[in-house]
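This report concerns only the one structure given below.
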Amino acid sequence: MVILPDPGEANTWCARQGNQGLTMGFVPTMGALHAGHFSLLQRAARENDLCCASIFVNPLQFNDPNDLSAYPDTLEADIVALENHGCDMVFRGTLSTFFPEVDDHEKIRKLDPGPLAHGLEGSFRPGHLEGVVTIVDRLFRTVGNCRAYFGEKDYQQALVVRDLADALAEDNIFISVIICPTVRARNGLALSSRNLRLSDSDRNLSSALFRALVRGKHAWSSGIRSKEELETIVADCLAKPGIRVEYAAVRDPEDWTSNAEDLMAARGFVAAYVSGIRLIDTMAFGSDRMKPDSLQG
């Protein structure tokens, strides 16, 4: 596996492979890799001639400095894991190497993530999705034409990234955004790098996020179509000591900004804190044309 220290060298490497007619799968990460990342890497390697990944903890997308400072650093183990899961090249970088045109990081112009960023993460993590699209734009420009693999758990982020990929086509950079199903622990907890900070008892408690979404899915299957009623069912299931709920929301994935009370399609979203660690999860309640694998930029 090729290990490159900055995006400039990665761009040269990727361009060389593209010039030889090889297809590229790309998995952007912030390190602290887990089985969810590995599933993305394995699929990227299986569906393309080559697979590359990035490791960069992006300060632009952290609205909480404490969250940034607490983010796990497992670089040596990550490098070994990448090679073991089919990665051909991994690159890193700094804000200075990703944005060489800016001499002051405070002057980096964040991109507008668009209307799909309204609500949910866009409301509760101000600046987060702006930071995501700003760095993903640079990552996509580094790798060039590719299939890029993201996890379903960060669903709203995936929608925003899909729109970014559509916009990059105007610059003759063609990215297919492929969303892969959430990988879960045995108790249903969605895998996340932040889970490394959970105690065993916290992990057990955190499985309530999954159970709440399952309860919402069952309610949908029973015929309930009221957005308010579905959100109440999900929220009530999360009302447990030790869990601080940030949001329990239901949206129509086919009409993201709709304010309709009765839904034609539904997906549940939850965000909550357990022992100060923020966790998110999502689940399709019924037929969902925006389900994993269908978000193609």
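The values are calculated or read from the model by the stated rules, or taken from the named source; none is laboratory data. Bear in mind the structure is a predicted one, so any value in this text is a computation, not a measurement. Glycine also receives a Cβ, built like all others from the backbone with ideal geometry; neighbour counts cover every protein chain displayed.
A residue that is closer than 30 Å to PRO72 by Cα, polar (S, T, N, Q) and in contact with a Lys or Arg (Cβ under 9 Å, 6 or more places away or on another chain) occurs somewhere in the stretch 254-277. Are any of the residues in the stretch 94-106 in contact with an Asp or Glu (Cβ under 8 Å, 6 or more places away or on another chain) and outside any helix (DSSP H, G or I)? Checking the stretch 94-106: at least one residue is in contact with an Asp or Glu (Cβ under 8 Å, 6 or more places away or on another chain) and outside any helix (DSSP H, G or I).
Has the stretch 143-164 got any residue that is at pLDDT 95 or above, part of a helix (DSSP H, G or I) and either more than 30 Å from LEU209 (Cα to Cα) or not assigned by TED's automatic domain parsing to the domain that holds THR74 (or both)? So far as the stretch 143-164 goes, yes, one or more of its residues are at pLDDT 95 or above, part of a helix (DSSP H, G or I) and either more than 30 Å from LEU209 (Cα to Cα) or not assigned by TED's automatic domain parsing to the domain that holds THR74 (or both).
Residue under question is ASP88, and the condition is that it be in contact with a Cys (Cβ under 6 Å, 6 or more places away or on another chain), surrounded by 15 or more Cβ atoms within 10 Å (Cβ to Cβ) and touching a residue at least 40 places away in the same chain (Cβ under 8 Å); does it hold? Yes; evaluated as a whole, the condition is true for this residue. The single condition from (1) among the hydroxyl-bearing types (Ser, Thr, Tyr); (2) at pLDDT 90 or above; (3) surrounded by fewer than 16 Cβ atoms within 10 Å (Cβ to Cβ) that SER294 fails is (2). Within the stretch 192-210, being hydrophobic (A, V, I, L, M, F, W, C) and within 19 Å of TYR71 (Cα to Cα) holds for LEU196, LEU198. Residues that are touching a residue at least 40 places away in the same chain (Cβ under 8 Å) and among the β-branched types (Val, Ile, Thr) within the stretch 219-273 comprise THR257, VAL270, listed in sequence order.
If you go through the stretch 139-162 and keep only what is crowded, with 19+ Cβ neighbours inside 10 Å and of a type in the set (D, E, K, R), you end up with ARG147, GLU152, LYS153, ASP154, ARG162.
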